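Accompanying notes for the structure given below.
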2 protein chains.
Amino acid sequence: MRVELVSVGTELLLGDIVNTNAQYLSKELASLGIEVFNQSTVGDNPKRLLECFDEALKRSDMVITTGGLGPTKDDLTKEMAAEYFGQEMVLHEESWKYIEERCRRFSPGKPVPPNNKKQAYFPKEATVIKNNNGTAPGAIFEKDGKRIIVMPGPPREMKAMFEESIRPYLMQFTDSMLVSRVMRLYGIGESALEIAIEDILDSQTNPTVALYAKEAEVTIRITAKAKNEEEAKVMLDEKSAEIREIVGKYVYAEGDSSIMDGESALEYSVAELLVKRGKTIAAAESCTGGLVAAQLINYPGISEVFVEGCVTYTNEAKVRRLGVSQDTLDKYGAVSEQTAREMAEGIRREAGSDIGVATTGIAGPGGGTDEKPVGLVYTAVCVDGETFVRENHFSGDRRKVRNRATRQVLSDLRMILEGIEI
Amino acid sequence: MRVELVSVGTELLLGDIVNTNAQYLSKELASLGIEVFNQSTVGDNPKRLLECFDEALKRSDMVITTGGLGPTKDDLTKEMAAEYFGQEMVLHEESWKYIEERCRRFSPGKPVPPNNKKQAYFPKEATVIKNNNGTAPGAIFEKDGKRIIVMPGPPREMKAMFEESIRPYLMQFTDSMLVSRVMRLYGIGESALEIAIEDILDSQTNPTVALYAKEAEVTIRITAKAKNEEEAKVMLDEKSAEIREIVGKYVYAEGDSSIMDGESALEYSVAELLVKRGKTIAAAESCTGGLVAAQLINYPGISEVFVEGCVTYTNEAKVRRLGVSQDTLDKYGAVSEQTAREMAEGIRREAGSDIGVATTGIAGPGGGTDEKPVGLVYTAVCVDGETFVRENHFSGDRRKVRNRATRQVLSDLRMILEGIEI
């Protein structure tokens with residue numbers, strides 16, 4: 001089964017938006033064991049659309065399109081699919097009723113825009129697919145074993161339709177499936193990881209093992225080809241255990257590929273751990289300026305354990321809010337191991353929490369000196385009275401330094417809570 | 001001049017990465033007035049690459065590729081370009097010397113990997129383009145008025161090469177340029193804006209005016225087609241003034257298209273305003289949990305005016321840190337106009353700052369009641385003793401509610417500082 005993706009829209013050709021639909025669909029199809037052979041992007045142009053369908057269906061069995069199903073005259077995707085297969089468009093009553101209802105619900109009291117009626121036209125040979133999140137239905141066109149599936153362009157509508165209707169439809173075309181497992185690691189670089197698990201990487205066949213590096217993090221993706229989910233799960237569990245035996249201490253999250261790009265995995269694991277252990281926490285932040293608190297508070301259940309955060313950006317606030325001693329600030333400066341320690345211990349004391357975390361550093365672009373350059377950040381974690389302070393030297397711009405510092409202090413906290421030697 | 005983009009790489013077909021190169025190049029070419037006619041993505045496959053060049057150059061004058069210039073046997077883009085034009089690959093001494101130097105510099109003491117030599121082969125008819133950020137040079141292939149430009153896949157290398165060499169090369173093919181101006185608005189919805197500037201939208205020719213909506217924000221993009229930057233600037237200034245006359249109060253930033261996708265525009269305008277006016281600020285946050293502070297602190301010069309932030313997630317912390325009265329909490333609850341007001345006034349008093357801002361609300365998914373549903377957030381801004389409190393009802397998940405609340409309080413602060421009636 002060979003599939004090609006066609007993304008329709010002038011906004012893509014102008015570079016106004018990134019084509020995340022193509023990535024989403026490619027990934028989903030790969031997980032079904034369906035090969036994507038080609039991705040194209042064309043404008044809302046009838047001739048080009050027809051040519052594109054023609055070229056694609058010469059090479060492949062199926063085209064999946066996104067975009068061009070809107071109510072305006074510019075939107076031509078399904079019209080061209082119908083023309084390509086020589087099918088006539090007629091009003092699909094059920095869709096029109098649904099569109100009318102939807103318009104009335106979202107704009108009560110207003111007349112239903114007449115151009116929306118265009119969205120309810122389909123060939124009677126096509127299978128119309130309901131769109132639960134918008135007015136543009138999708139459809140499956142078919143003739144002589146060739147198929148065109150049209151889906152709306154807005155990612156939210158497209159993804160929901162794929163999940164609800166298209167994926168189940170595609171299941172008939174595949175007899176093996178690819179299932180991926182993702183492990184996220186913090187605290188080990190890509191090259192070091194590559195060397196550590198060299199034997200596993202070299203001997204991989206099925207499951208395959210791949211590494212992806214991203215700003216101070218590495219992700220391992222294990223992909224098993226199997227007949228069903230259960231078989232895949234056994235294979236993935238086995239390979240994951242092999243990897244964990246070598247670098248398990250750095251793994252802070254493991255799950256399906258939805259955690260691949262999520263920014264939230266590290267903060268979620270830490271927050272989950274805090275809630276599970278019933279450990280209360282407070283944060284004192286200088287250079288991260290609220291990011292540590294904001295990230296922890298991403299976790300919905302955090303209110304059980306998060307007591308308070310202080311963004312003590314000035315020295316005066318460090319003294320007043322955290323009880324950092326003026327002596328320490330005078331002697332060692334605000335960016336020092338000593339200040340970080342007193343901040344973490346101070347916020348824990350003030351908040352009456354089990355844990356205090358703190359950051360202080362120079363995020364740049366200004367403020368660096370030879371002795372204390374931009375990127376120098378002290379992070380501190382105080383758990384039940386014992387304090388661990390780390391001196392970090394981060395590279396990158398202000399945003400990067402602040403993000404790195406936030407992740408580092410969360411990672412250290414995770415390791416301490418898990419009883420892992422830092 | 002018709003150009004097509006070809007992105008080469010199996011990782012794109014598998015959906016492992018998003019194709020940001022296509023967006024970047026489309027946008028850059030549009031700004032040169034060069035039309036991108038089609039974007040395709042193919043795997044590292046010789047037959048498919050050749051077919052792809054063939055199809056594209058039947059329709060268009062030039063193909064620009066990214067990816068497939070690596071040192072391994074899989075990397076075939078330039079080999080296929082040479083084959084397509086019937087040109088023979090020979091060692092390009094200068095490139096090989098550069099690659100050798102580069103390898104030695106980055107891996108001192110190690111032998112230069114022999115497979116890197118492949119990266120130095122080009123037809124003698126081709127113009128080789130130096131890569132200042134990697135080992136893979138680019139090249140311009142040409143025959144009978146048809147051209148293939150090959151560039152490396154890693155965005156950092158590709159973008160630098162485009163800026164340094166390809167854009168200047170392409171300038172010969174264009175006699176007019178498109179220059180865009182972006183205005184970012186907060187506080188008005190897309191439909192309301194569309195109605196407000198209907199006449200401008202309906203009568204647009206050159207410059208064109210387009211709207212883009214994104215989570216509680218609208219962006220207006222004005223694009224002028226002109227002979228040079230100066231001429232474009234006059235046209236853009238004029239159109240911008242027309243728009244500002246109608247909806248100027250909502251415009252918080254205006255600039256080139258680099259501010260189109262930036263998340264930082266609102267916080268930057270507010271921070272800039274604070275620094276310019278020398279107004280000190282402190283933030284008291286409940287549901288936003290540090291986001292307001294973290295966003296303000298994104299701005300590099302913020303230390304001059306940001307005094308402190310308090311993430312007072314518990315009632316106890318609101319009383320202890322901000323002096324919110326226990327009576328208010330008992331009588332109205334933590335999520336109330338009264339509490340928001342006392343938080344903003346309290347943090348201002350405690351920090352001794354000119355301005356206090358505060359948020360308190362129910363971010364969800366739990367914690368909502370009929371009376372106080374998920375999404376209810378009170379935001380407060382206290383400037384020099386006068387306090388403005390807003391009751392907001394945000395939809396969306398936890399992350400969205402928190403982001404909306406953060407932006408709302410920053411937007412209100414901006415309007416108050418600018419003396420705009422809210």
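The values are calculated or read from the model by the stated rules, or taken from the named source; none is laboratory data. Since we're looking at a predicted model, the values are computed, not measured. FYI the Cβ positions are ideal-geometry reconstructions off the backbone, even for glycines, and counts take in every protein chain you see. Note: accessible area is taken over every heavy atom of the protein model, side chains too, but ligands, DNA and RNA are not part of it. Shrake-Rupley method; radii C 1.70, N 1.55, O 1.52, S 1.80 Å.
Along the charge dipole of segment A:121-263, pointing to its positive end and built from +1/-1 on Cβ of Lys, Arg, Asp and Glu, which listed residue (A:T208, A:A192, A:F173) has its Cα farthest out?
It is A:F173, whose Cα lies furthest towards the positive end.
Starting from segment B:193-225, pick out the GluC sites (Glu not before Pro) whose DSSP state is loop and whose Cβ has at most 15 other Cβ atoms within 10 Å.
B:E215
Percent antiparallel among DSSP beta bridges with both residues in chain B, to the nearest 5?
Expressed as a percentage, antiparallel bridges in chain B total about 65.
How many nanometers, to one decimal and shortest first, lie between the label point of A:K58 and those of its other copies, if labels sit 7 Å from Cα toward Cβ?
Result, one decimal in nm: 0.5.
Tell me the GluC sites (Glu not before Pro) within segment A:309-415 that lie in a loop according to DSSP and have at most 12 other beta-carbon atoms within 10 Å.
A:E371
Dividing the convex hull volume of the Cα atoms of segment A:2-173 by its residue count, what figure in Å³ per residue is obtained?
Given the Cα convex hull of segment A:2-173, per-residue volume reads 110 Å³.
Using alpha carbons only, how many angstrom separate the centre of segment A:286-313 from the centre of segment A:376-422?
14
Ignoring ligands, DNA and RNA, what percent of the accessible area of segment A:157-314 is carbon or sulfur (1.4 Å)?
The nonpolar share, carbon plus sulfur, comes to 48 percent.
Please compute the Kirkwood hydrodynamic radius of segment B:78-141 from all pairs of different C-alpha atoms, in Å with one decimal.
About 12.2 Å, per the Kirkwood formula over Cα pairs.
Quick one: work out the % antiparallel among DSSP beta bridges in segment A:1-73, nearest 5.
Restricted to segment A:1-73, the bridges split so that about 0 percent are antiparallel.
Could you tell me the extents of segment A:177-259's C-alpha atoms along the three principal axes, largest first, rounded to whole Å?
35, 26, 18
Which value, in debye to the nearest 20, describes the size of the charge dipole of the protein assembly as shown about its Cα centre when Lys and Arg Cβ atoms bear +1, Asp and Glu Cβ atoms bear -1, and nothing else is charged?
Value, rounded to 20: 40 debye.
So, with +1 on the Cβ of K and R and -1 on the Cβ of D and E, and no other charges, what is the size of the charge dipole of chain A about its Cα centre, to the nearest 20 debye?
That gives a dipole near 1160 debye.
Could you give, in nm with one decimal, how far A:N133 is from each other copy of that position, shortest first, with labels 7 Å out from Cα toward Cβ?
So the distances to the same position in the other copies read 3.3 nm.
Give or take rounding to whole Å, what are the principal axis extents of the alpha carbon atoms in segment B:344-422, in descending order?
Result, largest extent first: 35, 27, 21 Å.
Cα-Cα over 30 Å: which of B:K73/B:K124; B:K27/B:K279; A:K27/A:K400?
Where the Cα-Cα span goes over 30 Å, the pairs concerned are B:K27/B:K279.
Nearest 500 deg cm²/dmol is fine: what mean residue ellipticity at 222 nm does chain A get from its DSSP H runs of n ≥ 4 alone, each adding -39,500 (n - 2.57), divided by its residue count?
Counting only the DSSP helices, I get -11500 deg cm²/dmol.
Put a label point 7 Å from Cα along the Cβ direction on A:K233, then list its distances to the equivalent points in the other copies in nm, shortest first.
6.5
DSSP loop GluC sites (Glu not before Pro) in segment A:43-135 with at most 16 other Cβ atoms within 10 Å of their Cβ, which ones?
A:E88, A:E125
Smallest Cβ-to-axis distance in chain B, for the rotation taking B to A: which residue, how many Å?
Nearest-to-axis residue on chain B, with distance in whole Å, is B:G290, 2.
On a C-alpha basis, how far is the centre of segment A:1-35 from the centre of segment B:59-77 in Å? Whole number, if you could?
After rounding, the separation between the Cα centres reads 20 Å.
I'd like the distance separating the alpha-carbon centroids of segment A:343-371 and segment A:157-178, in whole Å.
Their Cα centres are 49 Å away from one another.
Mind putting together the pair-distance distribution for the protein assembly as shown? All Cα pairs, 20 Å bins, whole percent per bin, short to long.
P(r) over the protein assembly as shown, rounded to whole percents: 13, 41, 38, 7, 0.
If you build the convex hull over the alpha carbons only and average its shadow over all orientations, what do you get for segment A:1-76? Give it in nm² to one decimal.
Dividing the Cα hull surface by four gives the mean projection, 5.0 nm².
Debye calculation, C-alpha points only, no solvent: report log10 I(q)/I(0) for chain A at q = 0.06, 0.09, 0.10, 0.12 Å⁻¹, in the same order as the q values.
-0.38, -0.75, -0.86, -1.00
How are the C-alpha pair distances of segment A:265-417 spread across 10 Å bins, as whole percents from the shortest bin up?
13, 46, 33, 8, 0
How many percent of DSSP beta bridges within the protein assembly as shown run antiparallel, rounded to 5?
Of those bridges, close to 65 percent are antiparallel.
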